[in-house]
Amino acid sequence: MTFTSSKQTAIVFFAQSSIEEVKHKKIANGISLFSALTKKTLDTISKSKLPFFHFTEQEQVGNTFGERFTNAISSVYNLGYENVITIGNDTPQLTTSQLLRAAKEISENKTILGLSADGGFYLMGLSKSQFNASFFKNLSWQTNSLQKEVFSWANASKITIYKLKTFKDIDVEKDVFTITSLYSLRNSSFYILLLQFVQEAKNIFYYLQNIVISSTKRIFYNKGSPSLQLQ
């Protein structure tokens, strides 16, 4: 898949360091897991040959998730890029071909969304002309209203949305179990790492203990995923 890209499209890789991630996502062996997730995502990005900018907690600017995310996108537009594709590190099913598909569709003035099963999204791509910093900063980030708000905005603005395949991202420990069962990841080094993670987590007491923790604490998510709160 080829397309013209003369400082047209760049990727914003919005992902904290593994040390920072484990402060917010209570997952066993989290540092190793998030380090592997970041490495896998960087490999996927590199193969696309698209320019990218990695925003860890050191590069992010703002007091809220919406501010930090919006400021990251704005800073790349300010470098002269016309289109930005944003991704995190918590969706290992993301492929290089999907990044290239997003780059192709965004060049045709479409907004690209890779929806997450929990109501957020793992990828968003839009052009500078479509971007409204004030609007995006105040979206209901980390709630299950996010997708609805983005689709309402696109409909009101007469913007065409191109949807990529819906994936499940990794927010809590049980998500690793679900993703490990996916055939598409088999025979890869990352799949082997997930298998090792699952094996270590089979201690029933520890696993049940983590379920209790995850159901009673507010959890910070890397991208658009909704937070878990007590009902």
Output the residues belonging to the range 55-75 that are over 17 Å from the mean Cα position of the chain (by Cα) and of a type in the set (A, V, I, L, M). 61
Residues that are over 25 Å from residue 63 (Cα atoms): list the helices (runs of 4 or more DSSP H) wholly contained in the range 84-157 that include at least 3 such residues. 96-106, 146-156
Return yes or no: is residue 62 surrounded by fewer than 17 Cβ atoms within 10 Å (Cβ to Cβ) and of a type in the set (Gly, Ala, Ser)? yes
Residues of the range 86-104 being modelled with pLDDT of 95 or more and within 22 Å of residue 71 (Cβ to Cβ), in sequence order, are 86, 87, 102
Among the residues of the range 155-163, are any of a type in the set (Gly, Ala, Ser) and either surrounded by 14 or more Cβ atoms within 10 Å (Cβ to Cβ) or modelled with pLDDT under 75 (or both)? no
Considering the range 17-43 alone, what residues qualify as being buried (at least 19 other Cβ atoms within 10 Å of the Cβ), out of contact with any strand residue (DSSP E or B) (no Cβ under 9 Å at 6 or more places or on another chain) and of a type in the set (S, T, N, Q)? 18
Going through the range 43-90 one residue at a time, which ones are among the hydroxyl-bearing types (Ser, Thr, Tyr) and either in contact (Cβ under 8 Å) with a residue 24 or more places away in the chain or in contact with an Asp or Glu (Cβ under 7 Å, 6 or more places away or on another chain) (or both)? 44, 48, 56, 64, 70, 74, 77, 81, 86
By residue number, the members of the range 105-139 that are out of contact with any strand residue (DSSP E or B) (no Cβ under 8 Å at 6 or more places or on another chain), buried (at least 16 other Cβ atoms within 10 Å of the Cβ) and modelled with pLDDT of 90 or more are 136, 137, 139
Being β-branched (Val, Ile, Thr) and either within 22 Å of residue 162 (Cβ to Cβ) or crowded, with 16+ Cβ neighbours inside 10 Å (or both): is that true of residue 84 here? yes
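The values are calculated or read from the model by the stated rules, or taken from the named source; none is laboratory data. These numbers come from a predicted model, not from an experiment. So basically every Cβ, Gly included, is an ideal-geometry build from the backbone, and we count neighbours across all protein chains shown.
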